[in-house]
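Student: Sharing a structure here in structure tokens format.
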Amino acid sequence: MSTPDDRQARDRVTRGARLSRVAVNHASRAALRRVREPLMSDEEKAAARDAEVLRLADDLVSALGTMKGAAMKLGQALSLLNFGLSSAAARDEFTRRLAPLYRRAPAVPNAVMLDVLDRELGSRRGELASIEPEPLASASLGQVYRGELADGRAVAVKVQYPSAQSSVRADLKNLALLVRLRSRDFPNLGLDELVGEISHQIRLELDYEREFQNHRRVYQDYLGHPVFRIPSPIESLCTPRVLTTEFLAGTTLDQLGAAPAEVADHLGEAVYRFYCGGVHTLGRFCADPHPGNIIALADGSVGFVDFGLYVDMDSAQRELERAVLGAVLAGDARTTYELARAGGFIVDETAMPEAMVMDYLTTVAAWHLTPGVVTVTPEVAHRSLSQAMLPRSTFRKGMYRQRVPREHLFSRRTEMSVCALLGDLGASGPWRAISEEWILGAEPATAMGRRIAQWESARIG
């Protein structure tokens, strides 16, 4: 009879083999393409690269689509990059092929999950008057069920998969394979640092007690907020593997579909203020701006959930972020460069001189540095992301000799993810003027900003 240790060992081997096959197949196709490229026209080279990346999408879905844990999260992260595809049609096809990674993950039998719930809560299980037999959602680390307390309050109960701990450990051992799938096309300075930070944060997400502490902190930060709604945590029904909160009845962004312009703009501004604003106003922020974690509510408020990936930035790094953005807003190339160099972003000064640094930052962040109202379309978002990191970036040679210190990896990831979300919404807003509220202390630029300022003033008073 096999033991749990035997099963976990087999699981690690199986998961590793799947990821290894993806890496080997992709590397083989890339090598064959490079051999043939000298005989190809530019159009043929672009088509060959597109075909190669679309095959990679198929391989990722095949390998990761039935897996949970870190593998699914990493596959979702890779799907945001578009890998420098040559046309909008190719990027749409890439997104379509990877869509299964965002859909409902294969559910673990409910009897198994509810057994975890019973064991974790023990005598406290009786506080749940009822729980629906089918999950509301199945994600990378757990399943979410709707329940009801004895006092009639509706709650969302997140239960961690019984195999989550071992699955994540297995996946993280193979993380380098996924990161290096496109190693010839992406920066390699600081790669080990990047892998280490991602691994660290994913391990933290396994601890639901820590997530409860994060959730309670965010709930208290925004209690009574005029726009943001954080569901109240139910402390007595939270354990290392169970997290229970108030249930928010609304529509998540991934279920929303095409929205009227005024709705898209309202949601977009709330998303920008919540995720990007937290970096500058609180020095702590949720680093997982996923459409499934954002809920449009009937009263116009916007709900935010899932604080497993929640980052505290120390005061020195927070001030560095504010100072760099302030210098960029002022058009001060010299100060921007000196701050970036002193902060460890510039490690090869010959590859990226002062003028290029300012040009790079203003190009990548054009969507929220341009004065006036800017509409973030999918094309605008792709242009920003591709200039930031992808092979076709104008700044490739200089940028790839630099690094992002680990303290700033997730603030940059959050900014790029928000840009992608706004592109999906097609949201318009005075993004620069909003950022000037945080960085320069400017007057609120919108009606939402004025409502928030009044709320903040009342709290301080």
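Student: Taking the conditions exactly as written (open to solvent by 20 Å² or more (accessible area, probe 1.4 Å), at negative phi and in contact (Cβ under 8 Å) with a residue 12 or more places away in the chain), does Leu267 satisfy them or not?
Tutor: Considered against the rule, which asks whether it is open to solvent by 20 Å² or more (accessible area, probe 1.4 Å), at negative phi and in contact (Cβ under 8 Å) with a residue 12 or more places away in the chain, Leu267 comes out as no.
Student: Select from region 397-445 the residues that are in a loop (DSSP other than H, G, I, E, B), modelled with pLDDT under 85 and of a type in the set (D, E, K, R) and write down the one among them that is surrounded by the most Cβ atoms within 10 Å (Cβ to Cβ).
Tutor: Applying the first criterion (in a loop (DSSP other than H, G, I, E, B)) to region 397-445 yields 400-405, 426-427, 430, 441-445.
From the residues that got through so far, the ones that are modelled with pLDDT under 85 too are 400-405.
If we keep only those that are of a type in the set (D, E, K, R) as well, we get 401, 403.
Details: Arg401: 17, Arg403: 21.
Per the criteria, the residue is Arg403.
Student: Still on this structure, please answer the following. Consider Arg125 against the criteria (1) in contact (Cβ under 8 Å) with a residue 24 or more places away in the chain; (2) not in a strand (DSSP E or B): it satisfies all of them except one. Which criterion is unmet?
Tutor: (1)
Student: Identify, from the list Gly277, Gly292, the residue that is assigned to a helix (DSSP H, G or I), open to solvent by 20 Å² or more (accessible area, probe 1.4 Å) and in contact (Cβ under 8 Å) with a residue 60 or more places away in the chain. Reasoning before the result, please.
Tutor: Working: Gly277 fails: open to solvent by 20 Å² or more (accessible area, probe 1.4 Å).
Answer to the selection: Gly292.
Student: Checking Met448 against (1) open to solvent by less than 40 Å² (accessible area, probe 1.4 Å); (2) without any contact (Cβ under 8 Å) to a residue 12 or more places away in the chain, which single condition isn't satisfied?
Tutor: It fails just one condition, (2).
Student: Tell me yes or no: at least one residue of region 297-304 is closer than 25 Å to Arg210 by Cβ, small (Gly, Ala, Ser) and open to solvent by less than 10 Å² (accessible area, probe 1.4 Å). I'd like the intermediate steps shown before the answer.
Tutor: At the first step, the residues of region 297-304 found to be closer than 25 Å to Arg210 by Cβ are 302-304.
This time we only want the ones that are small (Gly, Ala, Ser), so: 303.
Keeping just the survivors that are open to solvent by less than 10 Å² (accessible area, probe 1.4 Å) gives 303.
Within region 297-304, one or more residues are closer than 25 Å to Arg210 by Cβ, small (Gly, Ala, Ser) and open to solvent by less than 10 Å² (accessible area, probe 1.4 Å).
Student: Right, next: Would you point out the residue of region 1-50, among those that are modelled with pLDDT under 65 and polar (S, T, N, Q), that is nearest to Val168 (Cα to Cα)?
Tutor: By that ranking, first place goes to Gln8.
Student: Moving on. Please count how many residues of region 352-370 are under 11 Å from Thr336 (Cβ atoms) and free of Cβ contacts under 8 Å to residues at least 24 places away in the same chain.
Tutor: 2
Student: Might you check whether a residue that is assigned by the TED database to the domain that holds Val155, at pLDDT below 95 and over 23 Å from Ala150 (Cβ atoms) occurs anywhere in region 257-276? Lay out the reasoning, then the answer.
Tutor: Taking region 257-276 as the starting set, the residues that turn out to be assigned by the TED database to the domain that holds Val155 are none.
Within region 257-276 (the criterion being assigned by the TED database to the domain that holds Val155, at pLDDT below 95 and over 23 Å from Ala150 (Cβ atoms)), the answer is no, since none of the residues qualifies.
Student: Any residue in region 87-99 that is assigned to a loop (DSSP other than H, G, I, E, B), closer than 26 Å to Gln201 by Cβ and either modelled with pLDDT under 65 or open to solvent by less than 50 Å² (accessible area, probe 1.4 Å) (or both)?
Tutor: Narrowing region 87-99 to residues assigned to a loop (DSSP other than H, G, I, E, B): 87.
In the following step, the residues that additionally are closer than 26 Å to Gln201 by Cβ were identified as none.
Within region 87-99, not a single residue is assigned to a loop (DSSP other than H, G, I, E, B), closer than 26 Å to Gln201 by Cβ and either modelled with pLDDT under 65 or open to solvent by less than 50 Å² (accessible area, probe 1.4 Å) (or both).
Student: Let me ask something else about it. Inspect all residues belonging to region 321-341 and state whether any of them is of a type outside the set (A, V, I, L, M, F, W, C), touching a Cys at 6+ places or on another chain (Cβ under 9 Å), surrounded by 19 or more Cβ atoms within 10 Å (Cβ to Cβ) and under 30 Å from His215 (Cβ atoms). If you could, list the steps in order and put the result at the bottom.
Tutor: Restricting attention to region 321-341, the residues satisfying the condition of being of a type outside the set (A, V, I, L, M, F, W, C) are 321-322, 326, 331-332, 334-338, 341.
After this cut, where a residue has to be touching a Cys at 6+ places or on another chain (Cβ under 9 Å) as well, the list is none.
For region 321-341, residues of a type outside the set (A, V, I, L, M, F, W, C), touching a Cys at 6+ places or on another chain (Cβ under 9 Å), surrounded by 19 or more Cβ atoms within 10 Å (Cβ to Cβ) and under 30 Å from His215 (Cβ atoms): absent.
Student: Here is a follow-up. Mind checking whether some residue in region 217-238 is at pLDDT below 95, surrounded by 21 or more Cβ atoms within 10 Å (Cβ to Cβ) and more than 26 Å from Glu456 (Cβ to Cβ)?
Tutor: Among the residues of region 217-238, not one is at pLDDT below 95, surrounded by 21 or more Cβ atoms within 10 Å (Cβ to Cβ) and more than 26 Å from Glu456 (Cβ to Cβ), which makes the answer no.
The values are calculated or read from the model by the stated rules, or taken from the named source; none is laboratory data. Being a predicted model, the structure only gives us computed values, none of them experimental. Ideal geometry is used to build each Cβ from the backbone, glycine not excepted, and the neighbour counts take in all protein chains shown. Accessible surface is based on the protein model in full, side chains and every heavy atom, while ligands, DNA and RNA are left aside. Shrake-Rupley method; radii C 1.70, N 1.55, O 1.52, S 1.80 Å.
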